[in-house]
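K.L.:
My questions all concern the structure below.
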Amino acid sequence: MLLLFSDGGFTLKEYIIRRVLISIPILIGTSFLIFYLFALLPGDYVDSNPSLTPQRAAELREFYGFNEPVIKRYFNWIAGIFHGDLGFSFQYQQPVTKVINQFIWNSFIVSIISLVITWIIALITGVYSAMKQYSIFDSFVTFFVFAAMSIPSFFIGLLLIKIFAIDMNLLPVGGMIDVGSNTTGLAHYVEIGRHMILPVFILVLLGTGSLTRYVRTSMLEVVRQDYIRTARAKGLKESKIIFKHALKNALLPCITLLAFELPALFSGAIIIEQVFNWPGIGQVQLESLNNRDYPVLMTFTMFLSFLTILGNLFADVAYAAVDPRIRLK
Amino acid sequence: MATPLLEIKDLQTTFYTEHGSVKASNHVNVTVNKGEIVCLVGESGCGKSVTAMSIMKLIEAPGVIEGGQILFQDQDILTLGNKALRNLRGNDIAMIFQEPMSALNPVYTIGDQMMEPLLQHTKLSKNEAYDKCIELMEKVGLSRTKQLMKSYPHELSGGMLQRIMIAIALSCDPKLIIADEPTTALDVTIQAQILEILKEINKELQTSILFITHDLGVVAEMADRVVVMYAGKVVEEGTVLEIFKEPKHPYTKGLLHAKPVINKFQERLYTIPGQVPDLSTLGDHCFFQDRCEYRMDICGQSMPALTSESTTHCVACWLYKEAPRKEGLKI
């Protein structure tokens, strides 16, 4: 990630302001691209209902403004955004913000929990298998990582549902709460927690693999460095060598990965949400796509690009904070 | 004679690679007495650094120390447990490496890294350790010390970093400093300064130094005694005068011959013909025989042992075998 205009002398604050200003044209460009690409797609929301008479369909097109030229529709949309109006979902007959707000947090809790677990497991196993390169543990981890990455998530999902929900009857089959449930307070959270176990487990299983490999590779790279030998020659404890001298260097490249997790936290997991019937934003995306509910899709995609830009900004600032070799001034 | 500070006896360090096993340190014997500077000389890949690393047990896979003893103050380092070994590293024996630029951790300050061995090996408090670091930096000729303590390695030049490395090495008053080509990565004027510092330390504190280099100029400058290595074996050993005035082994002669001499016009510098043999495919013969101009029949059949020519000078070459053979090597 290149630091834009890093040749001048900036303080951190100036740098952040600069970066935020630079991201405005990027966001405008993105918004146009997103709008134009969706406009290019044939068909619209009216087409998704085949039972309408052609006359009624034409009336609706007129009503929704689908007949106007793309550029005009784009500026209508942008003008709406500046008024805090992100559009109206045809499918849900609600403002888009309301629809997204309603579902996104369901996805977020699953994502954030699996993210935290994934990173903890990946860091520990990655570091440990780098320390014991080519040991039985390392071979086992490597095998497991590739096995977990090779099996499609929907297959593991269905398999686990069969084993844990149907055969053993331990965990719910799907959904976020039991059918007809009206628990409140702590019991309600426990219930949601039980429903989350399987989806979180699968997301962790899928995410841990590649991240473990990243940490392991990065760690192996670092422990070969001269300064690790220096640390050893100083007579430091092995734990200090690994966790003080090696880990900090090994984690630097992981900052970029963490930055990309920011949009992923809110984007939902389309396949897993389908398999477990989880009322998350991933499902909403899929339905919106099926029903050509473009306002929802556009707003959501815009939101994710905004988060991506934000994530990159965070990463750059974090690098500057952690790595003394990168200075913004 | 007092027992030597460090005695490497019959050290065998082997690297197991895909292309066979490489005996990087092949039955090596080196002795370092108290207050002495011993230079370990040889071409790249002759096992100098491996021998040095073995002393600190810093050899990493696929390398294995397979045999021999490393007696430091009469204690065999190779049999020490992890804890005892840690107490030795950086404390009794300190090491200075070839590349000062990469030898310090880029994400921690100089001060942090200088204080580490002090906090590990001594009972000094953080403040006392800080003061000691300032003192050490001044000793190795650094100024603006307080500012340097807060700097990161990338903000310093190679020469400054090597001074820092020397200061770190000195911090716990070691009895032995192993300097593994400490001046190779530096330019000549800085080299001279670094060598000067090391010599001063040796004089002032009676610290023994095992100096690894391929630069004979440095050897002449520094050494009390010289050990010449070739292809993992010690081929000649003697005082600096003996080695420079009357080198015995054809390899040592070749090395000295390959040095430019001031005021003497030479079209081209002499080079030893051929190259260092592949250490993984050596048989039972003198390893230098294919490059040697004095080659005899016996050289291709059997390996000459290191034998004494005088009390301080010994050589492993068939050319000198008519002399009465003395077993063992006592200096």
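The values are calculated or read from the model by the stated rules, or taken from the named source; none is laboratory data. Because the structure is a prediction, the values reported are computed rather than measured. With ideal geometry, Cβ positions are generated from the backbone for all residues, glycine too; neighbour counts draw on all protein chains shown.
K.L.:
Looking only at region B:295-324, which residues are over 19 Å from B:VAL234 (Cβ atoms) and either assigned to a helix (DSSP H, G or I) or touching a residue at least 40 places away in the same chain (Cβ under 8 Å) (or both)? So that I can check it myself, show each step before the final result.
P.N.:
Residues of region B:295-324 that are over 19 Å from B:VAL234 (Cβ atoms), as a first pass: B:295-298, B:300-301, B:322, B:324.
Residues satisfying the conditions are B:ASP297, B:ILE298, B:GLY300.
Residues checked against (1) within 14 Å of another protein chain (Cβ to nearest Cβ); (2) closer than 25 Å to A:PHE306 by Cβ:
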position: A:THR208; (1), (2): no, no
position: A:VAL215; (1), (2): no, no
position: A:ARG232; (1), (2): yes, no
position: A:SER239; (1), (2): yes, no
position: A:PHE243; (1), (2): yes, no
position: A:ALA246; (1), (2): yes, no
position: A:ILE272; (1), (2): no, yes
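K.L.:
Looking only at residues in region B:117-128 that are assigned to a helix (DSSP H, G or I) and among the polar types (S, T, N, Q), which one is surrounded by the most Cβ atoms within 10 Å (Cβ to Cβ)? Give the derivation first.
P.N.:
Step one: of region B:117-128, the residues assigned to a helix (DSSP H, G or I) are B:117-121, B:126-128.
So of that shortlist, the ones also among the polar types (S, T, N, Q) come out as B:120, B:127.
Working: B:GLN120: 19, B:ASN127: 8.
Among those that are assigned to a helix (DSSP H, G or I) and among the polar types (S, T, N, Q), it is B:GLN120.
K.L.:
Restricted to region B:138-152, and to residues that are touching a residue at least 24 places away in the same chain (Cβ under 8 Å) and either outside any helix (DSSP H, G or I) or among the aliphatic types (A, V, I, L, M) (or both), which residue is farthest from the other protein chains (Cβ to nearest Cβ)? If you could, list the steps in order and put the result at the bottom.
P.N.:
Of region B:138-152, the ones touching a residue at least 24 places away in the same chain (Cβ under 8 Å) are B:139-142, B:148-152.
In the following step, the residues that additionally are either outside any helix (DSSP H, G or I) or among the aliphatic types (A, V, I, L, M) (or both) were identified as B:140-142, B:148-149, B:151-152.
Values: B:VAL140: 16, B:GLY141: 21, B:LEU142: 18, B:LEU148: 14, B:MET149: 14, B:SER151: 9, B:TYR152: 4 Å.
The selected residue is B:GLY141.
Okay, residues lined up against (1) among the hydroxyl-bearing types (Ser, Thr, Tyr); (2) outside the structural domain of A:PRO199 (by TED's automatic domain parsing); (3) assigned to a helix (DSSP H, G or I); (4) surrounded by 13 or more Cβ atoms within 10 Å (Cβ to Cβ):
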site	(1), (2), (3), (4)
A:ARG56	no, yes, yes, no
A:LYS72	no, yes, yes, no
A:ALA79	no, yes, yes, no
A:SER114	yes, no, yes, yes
A:GLY126	no, no, yes, yes
A:TYR134	yes, no, no, no
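Results for (1) surrounded by fewer than 17 Cβ atoms within 10 Å (Cβ to Cβ); (2) modelled with pLDDT under 90; (3) within 10 Å of chain A (Cβ to nearest Cβ), shown as yes or no for each residue.
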| residue | (1), (2), (3) |
| --- | --- |
| B:GLY81 | yes, yes, no |
| B:ARG86 | no, no, yes |
| B:ASN105 | no, no, yes |
| B:TYR108 | no, no, yes |
| B:GLY111 | no, no, no |
| B:MET115 | no, no, no |
| B:TYR130 | no, no, no |
| B:LEU136 | no, no, no |
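K.L.:
For region B:159-185, how many residues meet the condition of being part of a helix (DSSP H, G or I) and either within 30 Å of B:LEU85 (Cβ to Cβ) or aliphatic (A, V, I, L, M) (or both)? Step through it out loud before you land on a result.
P.N.:
Of region B:159-185, the ones part of a helix (DSSP H, G or I) are B:159-170.
Within this subset, residues satisfying the condition of being either within 30 Å of B:LEU85 (Cβ to Cβ) or aliphatic (A, V, I, L, M) (or both) are B:160-170.
Final tally of qualifying residues: 11.
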